[in-house]
Amino acid sequence: MLRFIDPNQLMGAMLLAGLFFLAGICLSWLVRRLMIEVLRHDKSERIDQITISFLSRLSILMIWVLLITFYAHLVPALNRLGTALLTGVSLMSVILGLAAQTTLGNLVSGISLVLYKPFRQGDRLQIQAPTGLEVGEVENISLGYTVLKTDDQRHIVIANSAMAQQTMIKLSPVVPASPSSPSADSQRD
């Protein structure tokens, strides 16, 4: 049986590739299933869907990278190729990291905002914008940007790196006047 999966033979390397591919599919399915179960059992909605989705995708990517790397180092014919690929990926990640510093900064800040939750969707915030002090309700928080909707229906899109670095004031929500309550004018009469 072991001679069928000998990585020195073409047939063995192909069988190993199939086994690694099957393991990758099973592990990816397991991570996705775990994400669904975590979200389904979170009745208090304390766990953010964006965070869980991002972490599951990152986990799946790491699973595949590790499986491919391990496979390349297991098959002698691909050993040098695997080492060259790892070197190339390392060099490319440094180049991309330097080129995309701002974008990566927004991504890391977005992850910290989602994890630490200094504010949530629906909170009213006062922030410093290029137009001056602005007040708005948090409409959306993504991994790159936060969107505030002002009272005059404008949308302010702020990079998460700027959002994480500035001091913001959390305001109490605006309570709309109920139509059944008497107005100030009718109380004077």
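Brief remarks on what is shown
- Check on I36, part of a helix (DSSP H, G or I), open to solvent by less than 70 Å² (accessible area, probe 1.4 Å) and without any contact (Cβ under 8 Å) to a residue 40 or more places away in the chain: no
Residue-by-condition table, conditions (1) farther than 27 Å from I36 by Cα; (2) touching a strand residue (DSSP E or B) at 6+ places or on another chain (Cβ under 6 Å):
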| residue | (1), (2) |
| --- | --- |
| L58 | no, no |
| L96 | yes, no |
| G132 | yes, no |
| V147 | no, yes |
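- The numbered conditions (1) assigned to a helix (DSSP H, G or I); (2) at pLDDT below 80; (3) out of contact with any strand residue (DSSP E or B) (no Cβ under 9 Å at 6 or more places or on another chain) are all true for D42 except (1).
- Those residues of the stretch 82-137 which are among the aliphatic types (A, V, I, L, M) and either touching a residue at least 60 places away in the same chain (Cβ under 8 Å) or in contact with a helix residue (DSSP H, G or I) (Cβ under 7 Å, 6 or more places away or on another chain) (or both), in sequence order: L85, L86, L104, I111, L113, V114, L115
- Filtering the stretch 100-141 to residues that are out of contact with any Pro (no Cβ under 9 Å at 6 or more places or on another chain) and on the phi > 0 side of the Ramachandran plot leaves K117, G132.
- Qualifying residue in the stretch 59-75 (condition: farther than 21 Å from S112 by Cα and touching a residue at least 60 places away in the same chain (Cβ under 8 Å)): yes
- Meets criteria (open to solvent by 90 Å² or more (accessible area, probe 1.4 Å), part of a helix (DSSP H, G or I) and out of contact with any Lys or Arg (no Cβ under 9 Å at 6 or more places or on another chain)) for I68: yes
The values are calculated or read from the model by the stated rules, or taken from the named source; none is laboratory data. What you see is a predicted model; the values in this text were computed from it and never measured. When we count neighbours, we look across all protein chains shown, and the Cβ atoms used for this are built from the backbone with ideal geometry, even at glycine. Remember, those area values only see protein heavy atoms, side chains included, never the ligands or the DNA or RNA. Shrake-Rupley method; radii C 1.70, N 1.55, O 1.52, S 1.80 Å.
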